[in-house]
Amino acid sequence: MKTFKINTEFITLGQFLKATDHIGSGGEAKFFLLENAVLVNQERRTERGKKLYPGDKIHVKSHDYVIQSD
């Protein structure tokens with residue numbers, strides 16, 4: 001499991017996907033989430049604005065991440 005550190009209270013799912021190079025731009029997030037199963041804390045999420053907080057676990061295309069505060 002990879003650690004993804006944030007220095008803010010939260011990060012949106014769209015920002016996370018861009019920062020982890022799963023998408024190239026924020027505009028791609030909507031389509032990526034519709035076509036790919038992205039799990040946040042073991043629940044499928046399709047909202048690019050979903051807020052991710054420290055402790056949240058994300059599964060994207062066989063990659064697992066956990067959000068940590070800086």
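Would you kindly state how much longer the chain becomes between residue 68 and residue 5 on full extension, computed as 0.36 nm times their sequence separation minus their alpha carbon distance, in nm to one decimal? Before the final figure, lay out the partial values.
Values: separation 63, 0.36 × 63 = 22.68 nm, distance 0.47 nm.
Using 0.36 nm per residue and subtracting the Cα-Cα distance, I get 22.2 nm.
Remark on residue 38: its backbone amide H falls under 5 Å from those of 45, a criterion applied only to residues 5 or more positions apart or on other chains, H modelled at 1.01 Å from N. Its Cα centre serving as origin, the chain has a Cβ charge dipole (Lys and Arg +1, Asp and Glu -1) of approximately 80 debye. Dipole size of the range 1-42 about its Cα centre, with +1 on Lys/Arg Cβ and -1 on Asp/Glu Cβ: approximately 100 debye, rounded to the nearest 20.
Coupling constants for the range 38-46 follow from the phi torsions by the Karplus curve (6.51 cos²θ - 1.76 cosθ + 1.60, θ = phi - 60°), and in residue order they are 10, 9, 10, 6, 6, 10, 5, 10, 10 Hz; glycine and proline get x.
Values quoted throughout were computed directly from the atomic coordinates according to the rules given, and no laboratory measurement underlies them. In this text the structure is predicted, and so the values were computed from the model without any measurement. Glycine gets a Cβ as well: all are built from the backbone with ideal geometry, and neighbour counts include every protein chain shown.
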